[in-house]
Amino acid sequence: MSLSAVLLAATSPSPSPSPSDTSTPVVPSLQDAQESATNAAGWVEQNWSTWLAIGLRVLLILVIAGVLRMVVRRAITKLIDRMNRTAQAVDGTAIGGLLVNNERRRQRSQAIGSVLRSVASFIIMGTAALMVLAAFEINLAPLLASAGVAGVAIGFGARNLVTDFLSGVFMILEDQYGVGDTIDAGVASGEVIEVGLRVTKLRGDQGEIWYVRNGEVKRIGNLSQGWATAGVDVTVRASEDLDKVKRVLGEVAEKMSKEEPWNELLWSPIEVLGLDSVLLDSMVVRVSAKTMPGKSLTVERELRWRIKRAFDVADIRIVGGETVLTDGEPDDPAAAVAAPSVFANSESAQSATASPITTPRAAPR
């Protein structure tokens, strides 16, 4: 029997198996295996260039994205380091030592660098991922639509978190406050001990720590930027000599401005502004000065101490209220009681209480 006859017999359709032969496995023929291998080899030969091109394109995208991410992050790091060096140069000056806080500058630069690096990495790697999917000829329209819907849902669900984060970013970028500043955030006030992208930590006057969400802050009063004002109101009698009061206050201000450490805390001469208000029995004299930020209360306490001692020496009395009781005879305690009616019983206890107190006179001898 020839080889062609054998192959023809092998490829010819076999008769349908009888019910008794259903358990017999069907063994693929040699020609079936040869055809399968030939088809696979042909498919690989036809598509290997396409797969190779796709693989090279994906590899190129990833390499470019990685290199670009590394370059951008390094550029951001150098920019932050340059900002720190510029601040250190200012730190060497006299005014820089008062206005620049090392911890505040370090935390601000770290926060800005972290935000910029995260944003750059997200943009670069997200764009690379979309380009890889496009290289595999995947339709990105449903994916982008789903991402948009998911983004809207997450935005509505976590809007407070997003608000806190964005508010923290702008607070840090605008340098509204920093570590060591004393601020009034509306909901709480105190010294800033930590600035975060979501929460700011404050230490209150009693030592308590406040955690203030950045998105809840509607206004911020920074008491540590620029300069502060120390104001003292001195209330004296209306009968005091104004020239004498002004002279004593001027002597106190001049002496305090020349002594240490007050000459460093005072950024302007202590001025006697004049009469702030004039009442019936008293008058208020206003004394004011510009001080180092955060030192106004200290200067005010010392100024009140010195003014009190100087007024005691000069025999100038400081009164504590808006009106002063004049020296004289004490008021009659029954003057505020209404007189009894003519129809009232003159012998009742109420009438006796409301009657003026009379001192009996001694009988003449």
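The values are calculated or read from the model by the stated rules, or taken from the named source; none is laboratory data. Predicted model, so just to flag it, every value in this text is computed and none were measured. We place every Cβ from the backbone using ideal geometry, glycine too, and count neighbours over all the protein chains shown. Accessible surface areas use protein heavy atoms only, side chains included; no ligands, DNA or RNA. Shrake-Rupley method; radii C 1.70, N 1.55, O 1.52, S 1.80 Å.
Candidates are the residues of the stretch 135-172 that are more than 31 Å from the chain's Cα centre (by Cα) and not in a helix (DSSP H, G or I); the one that is surrounded by the fewest Cβ atoms within 10 Å (Cβ to Cβ) is GLU137. When the stretch 232-268 is filtered for residues that are under 18 Å from ARG309 (Cα atoms) and assigned to a strand (DSSP E or B), the ones remaining, listed by number, are VAL232, ASP233, VAL234, THR235, VAL236, ARG237. Just to be sure, is ASP175 under 11 Å from the mean Cα position of the chain (by Cα), open to solvent by less than 70 Å² (accessible area, probe 1.4 Å), at pLDDT below 85 and acidic (Asp, Glu)? In short, yes.
The number of residues in the stretch 224-251 that are of a type in the set (Val, Ile, Thr), closer than 27 Å to LEU280 by Cβ and under 44 Å from the mean Cα position of the chain (by Cα) comes to 4. With respect to the conditions (1) of a type in the set (Asp, Glu); (2) open to solvent by 60 Å² or more (accessible area, probe 1.4 Å); (3) at pLDDT 85 or above; (4) in contact with a Lys or Arg (Cβ under 9 Å, 6 or more places away or on another chain), GLU208 lacks only one, and its number is (4). Look at ALA128 and say whether it is over 15 Å from GLY215 (Cα atoms), modelled with pLDDT under 80 and part of a helix (DSSP H, G or I). The answer is no for ALA128. Pairs meeting the criteria (first residue in the stretch 111-132 and within 16 Å of VAL169 (Cβ to Cβ), second residue surrounded by 14 or more Cβ atoms within 10 Å (Cβ to Cβ) and of a type in the set (A, V, I, L, M, F, W, C), beta carbons under 6 Å, at least 6 apart or on different chains) are ALA111/ILE172; GLY113/ILE76; GLY113/ILE80; VAL115/VAL169; LEU116/ILE76; ARG117/ILE76; ALA120/VAL72. Among the residues making up the stretch 280-297, those that are more than 16 Å from ARG247 (Cα to Cα), in contact with a strand residue (DSSP E or B) (Cβ under 9 Å, 6 or more places away or on another chain) and open to solvent by 60 Å² or more (accessible area, probe 1.4 Å) are LYS290, LYS295, LEU297.
Residues in the stretch 218-227: is at least one in a loop (DSSP other than H, G, I, E, B), open to solvent by 50 Å² or more (accessible area, probe 1.4 Å) and β-branched (Val, Ile, Thr)?
Yes, some residue in the stretch 218-227 is in a loop (DSSP other than H, G, I, E, B), open to solvent by 50 Å² or more (accessible area, probe 1.4 Å) and β-branched (Val, Ile, Thr).
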